Amino acid sequence: MPESLQTSRLQQAIDSVESLSLEEQNLVVEILLKRLQRKRREQLLQEIGEVRQEASQGVIKFGSVDDFLKELDT
């Protein structure tokens with residue numbers, strides 16, 4: 001999506017929220033924060049699942065920092 005169109009849509013959203021009462025604006029902020037938290041939680045769960053899968057497949061190696069640095073030198 002072109003940046004100007006994205007900025008325009010963002011500005012429209014901001015203008016719409018600013019036209020609401022202060023109480024409604026606070027409610028919008030609370031709803032958005034909860035939705036962002038949920039999305040972040042879902043993203044973390046997906047990443048955890050991917051890491052677990054990679055670990056079970058042996059793609060991930062575990063060790064100390066010294067082991068990691070030695071691996072970098074090879």
Next item on the list: Keeping to region 51-68, report how many residues are assigned to a helix (DSSP H, G or I) and surrounded by fewer than 10 Cβ atoms within 10 Å (Cβ to Cβ).
Entry: 3
Check: Among Ser4, Ser56, Ser16, Ser8, which is at pLDDT 95 or above and on the phi < 0 side of the Ramachandran plot?
Finding: Ser16
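The values are calculated or read from the model by the stated rules, or taken from the named source; none is laboratory data. All values reported here derive from a predicted model rather than from experimental measurement. Positions of Cβ are generated from backbone atoms using ideal geometry, with glycine treated the same way; all protein chains shown enter the neighbour counts.
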